[in-house]
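Quick note: the coordinates plus some simple rules give every number you see, no bench work behind them. Values in this document were obtained by computation on a predicted structure and should not be read as measured data. Cβ placement follows ideal geometry from the backbone for every residue including glycine, while neighbour counts extend to all protein chains displayed.
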Amino acid sequence: MESLYKLSILDLHDNQISKIENISHLTELRVLNLSGNRISRVENLQGLSSLTELNLKDNCISVVTEVDRLPGLQRLFLSCNNILSFDQLACLGESRSLSELTLDGNPVALETWYKQAVLRCVLHLRQLDMKRITDEDRRMAGVLTRKEEEKKKESHKQTIHKEKRRLAIRNAAQQWEGVKACLELPPTNGSKEDASPENSPGHSPGQTNGLAQETSPEEPRRISPGSGPERPSGGTENRLRTNSRPNSPRDPKLVETGSGSVQSLSLSDSHLAELEGDTLRLFGLGALEALERGWGVQTAGAVTVIAFRFINFDVIVPTLPRIRVKFPNLSHLIFLETNISRLPQLAALAQVRRLDQLTIHPEGNPVVSMALWRSFIIYRLYHFNLQKINGQEVTMNDVIAAERVFGTLGHIAATETPRCRLLLLLEESRKRQLQFLLEGRGRRAGLSPEELRENGKLLGEGLSRALFNYPSRNCNAESPEEGTVESSERAAVIEQYLQELVKRASDTNLKGEALHQLWPSMFAEMVRDCVLEMRDRGAFRQASLAKLTETK
């Protein structure tokens, strides 16, 4: 057909043709019928500028291409082929002249929104599968188009949020790592993207000697979640931008970034607060701001777990008394990289008033490496009726062992503390109790009168336990006027006094234990001596009268 330049109609149906080729010179061809062949791809159609009808029914076509290069094509027949998805028909959307199309007999025609999807792709179509397109069909196609656009926008929005979340957690970890490096703190294990607080960049060395999550060495600078360039880390910078309200009724998913149910309560380039069902996770110092804002009663009541990460524990301490009021059903606290490094810090948890489970991860909390940390928690928070610590059940044997280890120390604290100090402690306890009950905060939280009485009293924890408290860091901070020499002398005196106190208490405790072991035999000897002495009553009377006479 090389010389048939004027050919206008070409019918090659029901042959064994497997490929379209050698027809690009037929510039005046108007009708091409290739139905009933073995063609698998629509291709090599360039040059057929006059073609208005193309029949490719009953072939093996799976991919349609180059149809958009036919400027005059009006009718295209693709029935009974092997077209599986609309992606294989993408080129039809570029055709401006196509008005009739058949796709029946293809797997793609079995899709639920088949007709609407085709109309969304080919805007000028008047007939589909030999049926006229109605206004209702076009309206439904428009609805489908809007839904698809909304779905894409939502997907794009979630993708952006995931990236912002990832960068916020990474930046919070970098801030924590930076503070650790400045203070020459020990290194930590690898990082994890969970939920918990960030370290404050302005803490003192005594408060930031914990372990931190390591970040990649290729990321020395904090990166903004936005698309802009990297910005250097600001040590004291703290942004509190908020993307959503904490009293939203939705239940978020808070562990992995891929979950669509995660609700962001506060998000910036260096902190993140998010809620997943009953778990509130706080990354970075600025995330604590989410605890202070208004919460809906139902949302706050649903929170039973709070996890902190990349936040120094000393910064968390002031929020502990308000956590119980804000979240009345709180039962589990999780501390990851929060720099809990000393036993007295654990005493601050008594301000929560009630707790069923406590988790303190070894990463970023050096106190877990101490042998007695668990016993101290059990002793100090005995009135909490803790059930699990780091996932391990608290048994009665654990309670007895903790009492045996710290009971003597508690006795020392109760007996050696000056009376004026004890009165101040008791007065403060009563003041907090009355304030809790009279202000009605517990009633607003929906607690019963019995629970109000339990939560309102601090004296129930025992005076010896109450004396193990964790004062604010300002109490221990030295004033600028005090010199280092005077401070060192005072520290030496205090250390010597405490050593003597502990030695005396230890000796007393050893004597008490020895007496406890010897007392049964001593008592038996005393009874035996008395029985032998009173065996002769007359002689016993005479001896007793003689002693009384000598005494006078």
State which entries of LYS57/LYS147; LYS326/LYS388; LYS115/LYS151; LYS57/LYS115; LYS511/LYS547 exceed 21 angstrom in Cα-Cα distance in the structure shown. LYS57/LYS147; LYS326/LYS388; LYS511/LYS547
Across segment 110-122, in residue order, what do the Karplus-derived ³J(HN,Hα) couplings come to in whole Hz, using 6.51 cos²θ - 1.76 cosθ + 1.60 with θ = phi - 60° and x for Gly and Pro? 8, 5, 4, 9, 4, 4, 5, 5, 5, 5, 5, 7, 10
Any residue on another chain or 5+ positions along whose placed amide H is under 5 Å from the amide H of ILE311 is listed here as GLU198, ASN199, GLY284
Over 19 Å, how big is the tail of the calculated P(r) for segment 487-546, in percent of all Cα pairs? 63 percent
Can you give the convex hull volume of the alpha carbon atoms of segment 9-133 per residue, in Å³? 85 Å³
Dipole magnitude of segment 9-133 about its Cα centre, charges +1 at Lys/Arg Cβ and -1 at Asp/Glu Cβ only, in debye to the nearest 20? 300 debye
Tell me, ARG353, ARG528 in order of fewest to most beta-carbon neighbours within 10 Å? ARG528, ARG353
Given R₀ = 30 Å, FRET efficiency for GLN517-VAL493 by Cβ-Cβ distance, to 0.05? 0.25
Expressed in angstrom and rounded, the centroid-to-centroid distance over alpha carbons for segment 372-424 and segment 24-61 is 88 Å
Scan around VAL394 for amide H atoms under 5 Å from its own, H built in the peptide plane at 1.01 Å from N, and keep only partners 5 or more places away or cross-chain. LYS388, ILE389
As a test, work out the antiparallel percent of DSSP beta bridges whose residues both lie in segment 1-157, rounded to the nearest 5. 10 percent
